[in-house]
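First the structure, in the form of structure tokens, and then the observations on it.
The values are calculated or read from the model by the stated rules, or taken from the named source; none is laboratory data. Every value quoted in this text rests on a predicted model; they were computed, and no experiment measured them. Here the Cβ positions follow ideal geometry from the backbone for every residue, glycine too, while neighbour counts run over all protein chains shown.
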Amino acid sequence: MPDDQPPQGEPRLDLSWRAAWVAGAVVLGLVAVFAVAVWVLGSPGGTPYGNAGTSPTVVTAPTSSAPSGHPPHRRKHHPLRDPLQPVKIHRDPGCPIRPPQIVRVMQFNIHAGVSRYGGTGLARIAAEIRAAHPDVVSLNEVDSGTIRSGDTDEAAYLGRVTGLRAVYGPNLFGYEGGRFGNAILSRYPIRETHNTRLPRRPHSEPRGLLEATLRVGDRTVTFYSVHLSQGGRGAAQRVRQAEAIGRVIASSPHPTILSGDLNSRPGDLPVRILRQYLLDAQEYGGRGRGLTVPEADPRSRIDYILYDNHFAPARDSTRVLASTSSDHRAVWTELVLRPKGQC
């Protein structure tokens, strides 16, 4: 019997049909694998690893760094895209972009509303404040019920005629039958106020740090008005007062602005102490030298607007404003309140 003939009674199977059957099985297997891969990769939320519970995420970075301990940013899920195409970043609709808040600040020692030309100058002071369109004003040398100011409550008057909310912080009581101190005017709602007594020598004029907690948009801002002791004999007092102010500022949990007549030049120790905590609007966003006294021919800079790093000064926005009544020029600036980390 020829070698290529099967033994008698064994089933006969042509080798060409066997090869065709094997090839067909392989093709069908490849088609099945390809179909499964297309289904997995093409489905919304699918991944190359077949885990339908996870998908690519695009995280929008906050405008400013958020302190540690804040909740993580919410993420938005997107289907897979062609990796060669640019990916457009989308912001979570529940986390809207907040534009920066501009805060216009004015610092003004008003000379008790008594004109340097004689007589009352309070109406002119009010006109100068209105012309500057500030959001927040720090006022020093403010009378309430004194003989020299005609028993006027100057803070209340200035608030009323400028359309701003007024807070008064008296430090000297019984002066000409009334009170003498600092005031704050605000276009923003005032949540809390507090007046902190500052260190002083015995028998010297008392000074205070007037604090107002403001609601600026959806943020809480702490605003301070202060008038440090004056004269050569008050130099040591001003240092102690600046140190006390620094301790108060360091404990504030909110964005902070400090405005005031510091009776100190930029290189003096009280200013250097406060500059350990705060930035100087004149230095970083000022025009000219920022000289404020005497008003008619200013030769010294003793009035300041200081802020912490929650703010940034608008470029060339800090300047001094002439006064037809006070013996000081006012300081005016625009500060940009940096947005919080988004959501």
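Out of VAL226, VAL239, one residue alone is touching a residue at least 40 places away in the same chain (Cβ under 8 Å) and assigned by TED's automatic domain parsing to the domain that holds VAL105. It is VAL226. Taking (1) more than 29 Å from the chain's Cα centre (by Cα); (2) crowded, with 20+ Cβ neighbours inside 10 Å; (3) under 23 Å from LEU274 (Cβ atoms) in turn, SER300 satisfies each apart from (2). List every residue pair whose Cβ atoms lie under 6 Å apart, where the two residues are 6 or more positions apart in sequence or sit on different chains, the first residue falls within segment 276-287 and is closer than 15 Å to GLY260 by Cα, and the second residue, located anywhere, is assigned to a loop (DSSP other than H, G, I, E, B) and charged (D, E, K, R). Listed pairs, sorted by first residue: LEU278/ASP308. The residue that is surrounded by the fewest Cβ atoms within 10 Å (Cβ to Cβ), among those in segment 151-185 that are outside any strand (DSSP E or B) and touching a Lys or Arg at 6+ places or on another chain (Cβ under 9 Å), is GLY163. How many residues are modelled with pLDDT under 95 and among the β-branched types (Val, Ile, Thr) when one looks only at segment 90-115? Count: 2. Note down all Cβ pairs under 7 Å where the first residue falls in segment 244-262 and is over 14 Å from ARG207 (Cα atoms), the second is among the acidic types (Asp, Glu) and not in a strand (DSSP E or B), and they're at least six residues apart or on different chains. Cβ pairs passing all conditions: PRO255/ASP308; THR256/ASP308. Taking segment 94-144, which residues are aliphatic (A, V, I, L, M), part of a loop (DSSP other than H, G, I, E, B) and within 19 Å of PHE180 (Cβ to Cβ)? Hit for segment 94-144 is ILE110, nothing else.
The set of residues from segment 151-202 being of a type in the set (D, E, K, R) and at positive phi comprises ASP151, GLU176.
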